[in-house]
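First comes the structure, then the notes that go with it.
The values are calculated or read from the model by the stated rules, or taken from the named source; none is laboratory data. Quantities reported herein were computed from a predicted structural model and do not represent experimental measurements. Note that we place each Cβ from the backbone using ideal geometry, even for glycine, and neighbour counts take in every protein chain shown.
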Amino acid sequence: MESNAAAKETAAIFEEKVRKDLTEFLQYKGALDSHVPECPDVEERWGGMVRAYIGDGAKEFQDYPVVSLGWMMLIGMAMAKYWDTDWTKYAAMSDEEIYKELRDKKGYDNLDETVVNDVLGYEGEAAEKITDLVAECASRVLSLINHEPVEPGTEAALGCYIGALHQLYLAGMAMQLNALGYHMTPLAASQN
């Protein structure tokens, strides 16, 4: 039986592994710049968003792990879009209200359609590319989870799952910010 401290350390190390893998993969795919954009407003909503999502996500993980993981990346993308377009409205809503609005529009099983088509406005080939990229990211993370030496059902396993969701949320947020034109580039040196 591992201690609480050991479980937290295992989860933290795993989360960093996921962050690094997703960042490198999305940069390779051209979906992220070398300097990953940040958005404290959206990042701060993570805790409430995972509490709203975990009941559905954990329930689905057994039979549909890629969906359980990928949907959180889509939620991060939706939150970035909301931040860019109408943050006053969404900042006033609870995380549970935002999640339920996304989930209930077409149901949990169709959260990808709700986010990709209705929130982000992608259609046709562009929608397919985004959906495929999210599925690839979720599959990569699932592979990392499957190769992590933690026993299912333990505190460490739950910590790794939540850490994976966190990094997928942040990756979705960053990827959408890049798509919206937020590029974190250094200012040119002034010429005197």
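Residues in segment 87-95: is at least one part of a helix (DSSP H, G or I) and within 25 Å of Val18 (Cα to Cα)?
First, pick out the residues of segment 87-95 that are part of a helix (DSSP H, G or I): 87-92, 95.
Those left that are additionally within 25 Å of Val18 (Cα to Cα): 95.
So far as segment 87-95 goes, yes, one or more of its residues are part of a helix (DSSP H, G or I) and within 25 Å of Val18 (Cα to Cα).
Taking only segment 110-135 into account, find how many residues are of a type in the set (D, E, K, R), free of Cβ contacts under 8 Å to residues at least 12 places away in the same chain and under 17 Å from Lys81 (Cα atoms).
At the first step, the residues of segment 110-135 found to be of a type in the set (D, E, K, R) are 112-113, 118, 123, 125, 128-129, 132.
Subsequent filtering for residues that are free of Cβ contacts under 8 Å to residues at least 12 places away in the same chain retains 113, 123, 125, 128-129, 132.
Imposing the further condition that a residue be under 17 Å from Lys81 (Cα atoms) reduces the set to 113, 123.
Adding up the residues that qualify gives 2.
Please determine, by comparing only the residues of segment 118-145 that are touching a helix residue (DSSP H, G or I) at 6+ places or on another chain (Cβ under 8 Å) and part of a loop (DSSP other than H, G, I, E, B), which one is nearest to Lys105 (Cα to Cα).
Applying the filter and picking the extreme gives Leu120.
Within the group Trp71, Trp87, which residue is surrounded by fewer than 24 Cβ atoms within 10 Å (Cβ to Cβ) and touching an Asp or Glu at 6+ places or on another chain (Cβ under 8 Å)?
Values: Trp71 fails: surrounded by fewer than 24 Cβ atoms within 10 Å (Cβ to Cβ).
Within the list Trp71, Trp87, the selection yields Trp87.
Just give me the residues in segment 146-184 being among the aliphatic types (A, V, I, L, M), within 20 Å of Ala11 (Cβ to Cβ) and either at pLDDT 95 or above or not in a helix (DSSP H, G or I) (or both), in sequence order. Break it down stepwise before answering.
Filtering segment 146-184 down to residues among the aliphatic types (A, V, I, L, M) leaves 150, 156-158, 162, 164-165, 168, 170-171, 173-175, 177, 179-180, 184.
Pick out the ones that are also within 20 Å of Ala11 (Cβ to Cβ) and you get 150, 156-158, 162, 164-165, 168, 170-171.
Residues satisfying the conditions are Val150, Ile162, Ala164, Leu165, Leu168, Leu170, Ala171.
Hey, any hits in segment 97-116 for a residue that's of a type in the set (S, T, N, Q) and under 27 Å from Lys29 (Cβ atoms)? Spell out the reasoning first.
As a first pass, look at segment 97-116 and keep what is of a type in the set (S, T, N, Q): 110, 114.
With under 27 Å from Lys29 (Cβ atoms) added as a condition, the list becomes 110, 114.
Within segment 97-116, one or more residues are of a type in the set (S, T, N, Q) and under 27 Å from Lys29 (Cβ atoms).
Can you tell me which residues in segment 2-16 are within 17 Å of Met72 (Cβ to Cβ) and not aromatic (Phe, Trp, Tyr)? Spell out the reasoning first.
Pass one, segment 2-16, residues within 17 Å of Met72 (Cβ to Cβ): 11, 14-15.
Across segment 2-16, the qualifying residues are Ala11, Glu15.
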